[in-house]
Amino acid sequence: MAHTDTSSEETIALFQKYVIPNYRRYPIALVKGEGSTVWDAEGNRYLDFFPGWGCNILGYSPERVVRAIQEQAATLIHVPNTWYIEAQGRFAEALCTRSFGKAFFCNSGAEANEGAIKLARMHTPAGKYKIITFENGFHGRTFAAVTATAQPKYHEGISPLLPGFLYAPHNDLKAVKELVDDETCAILIEPVQGEGGVNIPSVEFLQGLRDLCDERGLLLIFDEVQTCMGRTGNWFGYQTFGVQPDIMTLAKGVAGGVACGAIICKDEIAPSLRPGMHASTFGGNPIAMAAGIATVETIEEDGLLDNVQVMSERFRAHFEALKAELPIIDEVRVCGMMVGVELTTNAMPVVGKCMEKGLLVNATHDTVVRLLPALNVTAEDVDEGCEILSGVLRQMAAEA
């Protein structure tokens with residue numbers, strides 16, 4: 001299945017000649033996907049538990065999204081934001097009626113976070129510009145977003161960084177309170193840290209941040225780039241914890257795999273993003289908006305929020321049982337379709353060993369095996385993938 005006239009080797013040679021080598025790529029050219037399965041140019045099948053780095057939230061080629069893109073492309077591909085298009089209004093309605101406020105559209109998580117940082121500074125009184133973020137967080141690669149990312153490895157070679165960002169230990173409310181001063185305008189946090197290792201904060205910590213912001217007149221910003229669109233078992237991560245932010249940023253799976261980002265903010269904050277102060281040329285384009293609407297419809301009509309809850313517990317059961325068996329597993333962290341398996345050893349070899357057996361996973365933060373399965377992953381997929389991953393970890397434990 002999915003054979004192509006161009007081999008993986010030929011595609012790799014083309015990249016080596018013409019593409020800047022800033023990514024560490026695996027020596028495989030993928031050509032076709034369906035659900036949680038993807039095939040390479042030679043027809044080899046892989047079960048993907050990290051589809052599109054979390055962007056393919058409905059797996060590969062979801063039917064409604066494909067159809068919506070095809071139909072939209074036949075009428076309008078791009079329209080600038082000097083005009084109105086129905087699809088942008090409808091997608092904004094779909095997101096905001098499932099959350100709050102008003103929406104601004106862009107193309108990526110980094111772009112959404114940049115906009116949210118500007119909005120926070122524009123909305124608060126002059127002289128208030130500092131933003132508190134958290135160690136092991138991740139907010140993107142552009143300058144404000146990478147400065148907000150409190151991980152030194154992402155700062156190497158690009159100094160000076162932007163002023164105004166302060167870093168606190170994750171889940172430490174006392175440390176946050178000590179950083180707040182008269183120049184602080186906002187606190188920015190991921191409801192669940194993804195790239196940092198699937199780190200799940202306590203409800204009390206997030207509620208403490210909400211209370212602190214209310215007391216000190218600060219804005220609470222949730223980076224929901226990874227936790228939006230049902231990833232945690234609710235439409236948005238903040239709903240899983242019962243703590244509502246003033247502003248949240250969305251991307252990754254928001255349009256079912258099509259490049260799209262968004263800012264959602266409370267009604268009273270929205271006017272601060274005034275004309276001429278922020279924009280996005282491709283933001284809110286017809287194709288992304290049509291794909292986003294189809295993504296919402298798929299999640300709702302296929303009952304995928306319920307599926308996330310069920311499959312999440314299935315993953316948890318597999319890995320908790322394995323943790324009891326293998327001393328190299330230090331901790332299992334699960335929040336919806338976000339799974340982190342913390343090892344006592346380097347997790348990078350797991351990726352290659354799983355790939356050899358037809359399973360695609362991710363390793364992050366050196367010791368964490370990270371999974372971001374599609375919301376429509378099946379029980380059969382979960383069992384098959386967990387069996388492969390369990391075999392790899394048993395082998396590693398035996399060799400340790």
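The values are calculated or read from the model by the stated rules, or taken from the named source; none is laboratory data. As the structure is a prediction and not an experimental result, all values here were calculated from the model. When we count neighbours, we look across all protein chains shown, and the Cβ atoms used for this are built from the backbone with ideal geometry, even at glycine.
Worth pointing out:
- Scanning region 97-120 for residues that are assigned to a helix (DSSP H, G or I) and surrounded by 19 or more Cβ atoms within 10 Å (Cβ to Cβ) returns GLY109, ALA110, GLU111, ALA112, ASN113, GLU114, GLY115, ALA116, ILE117, LEU119, ALA120.
- Pair list, Cβ under 7 Å, 6 or more apart: region 246-269 residue in a loop (DSSP other than H, G, I, E, B), other residue at pLDDT 95 or above and among the hydroxyl-bearing types (Ser, Thr, Tyr): ALA251/SER108; GLY256/THR295; ALA259/SER108
- The numbered conditions (1) touching a helix residue (DSSP H, G or I) at 6+ places or on another chain (Cβ under 9 Å); (2) in contact (Cβ under 8 Å) with a residue 24 or more places away in the chain; (3) in the same structural domain as LEU389 (by TED's automatic domain parsing) are all true for ARG25 except (2).
- Condition met for MET337 (outside any loop (DSSP other than H, G, I, E, B), aliphatic (A, V, I, L, M) and either within 19 Å of ALA379 (Cβ to Cβ) or assigned by TED's automatic domain parsing to the domain that holds ASP48 (or both)): no
- For region 33-52, the criterion of being among the aromatic types (Phe, Trp, Tyr), farther than 28 Å from VAL334 by Cα and not in a helix (DSSP H, G or I) is met by no residue.
- Count of region 363-372 residues, restricted to those that are aliphatic (A, V, I, L, M) and either in the same structural domain as ALA255 (by TED's automatic domain parsing) or in contact (Cβ under 8 Å) with a residue 40 or more places away in the chain (or both), is 3.
- A search for C-beta distances below 8 Å between a residue of region 321-345 that is without any contact (Cβ under 8 Å) to a residue 60 or more places away in the chain and more than 15 Å from CYS386 (Cα to Cα) and any residue that is among the charged types (D, E, K, R) and surrounded by 18 or more Cβ atoms within 10 Å (Cβ to Cβ), counting only pairs 6+ apart in sequence or on different chains, returns ASP330/GLU342; GLU331/GLU342.
- Taken as a whole, region 191-207 holds no residue that is of a type outside the set (Asp, Glu), out of contact with any Gly (no Cβ under 8 Å at 6 or more places or on another chain) and more than 25 Å from VAL332 (Cβ to Cβ).
- The condition (being without any contact (Cβ under 8 Å) to a residue 60 or more places away in the chain, part of a loop (DSSP other than H, G, I, E, B) and surrounded by fewer than 24 Cβ atoms within 10 Å (Cβ to Cβ)) is satisfied by just one residue among PRO160, PRO191: PRO160.
- Close contacts from region 373-400, counting a first residue that is outside the structural domain of GLY253 (by TED's automatic domain parsing) and polar (S, T, N, Q) and a second that is surrounded by 13 or more Cβ atoms within 10 Å (Cβ to Cβ) and part of a loop (DSSP other than H, G, I, E, B), with Cβ to Cβ under 8 Å and a gap of 6+ residues or different chains, come to ASN376/SER36; ASN376/LEU58; ASN376/GLY59; ASN376/PRO62; ASN376/ASP302; THR378/SER36.
- Complete set of residues in region 121-157 that are more than 24 Å from the chain's Cα centre (by Cα) and more than 14 Å from ALA186 (Cα to Cα): GLY157
- The single residue among VAL392, VAL361 that is closer than 18 Å to GLU325 by Cα, at pLDDT 95 or above and not basic (Lys, Arg) turns out to be VAL392.
- Every residue from region 55-86 that is surrounded by 23 or more Cβ atoms within 10 Å (Cβ to Cβ) and assigned to a helix (DSSP H, G or I): VAL65, ALA68
- Candidate set: region 104-158, residues that are touching a helix residue (DSSP H, G or I) at 6+ places or on another chain (Cβ under 6 Å) and of a type in the set (D, E, K, R); chosen: the one nearest to TYR84 (Cα to Cα): GLU114
- Considering residues of region 286-340 that are hydroxyl-bearing (Ser, Thr, Tyr) and touching a helix residue (DSSP H, G or I) at 6+ places or on another chain (Cβ under 7 Å) only, the residue surrounded by the most Cβ atoms within 10 Å (Cβ to Cβ): THR295
- Residues located in region 365-381, provided they are in contact with a Ser or Thr (Cβ under 7 Å, 6 or more places away or on another chain) and either of a type in the set (Gly, Ala, Ser) or surrounded by 23 or more Cβ atoms within 10 Å (Cβ to Cβ) (or both): ARG370, PRO373, ALA374, VAL377
- Taken together, VAL66, VAL38 contain a single residue that is touching an Asp or Glu at 6+ places or on another chain (Cβ under 6 Å) and among the aliphatic types (A, V, I, L, M), which is VAL38.
- Restricting THR82, THR37 to those that are polar (S, T, N, Q) and more than 30 Å from ALA279 (Cβ to Cβ) reduces the list to THR37.
- Filtered residue count, region 353-362, keeping only those that are surrounded by fewer than 20 Cβ atoms within 10 Å (Cβ to Cβ), without any contact (Cβ under 8 Å) to a residue 40 or more places away in the chain and not acidic (Asp, Glu): 1
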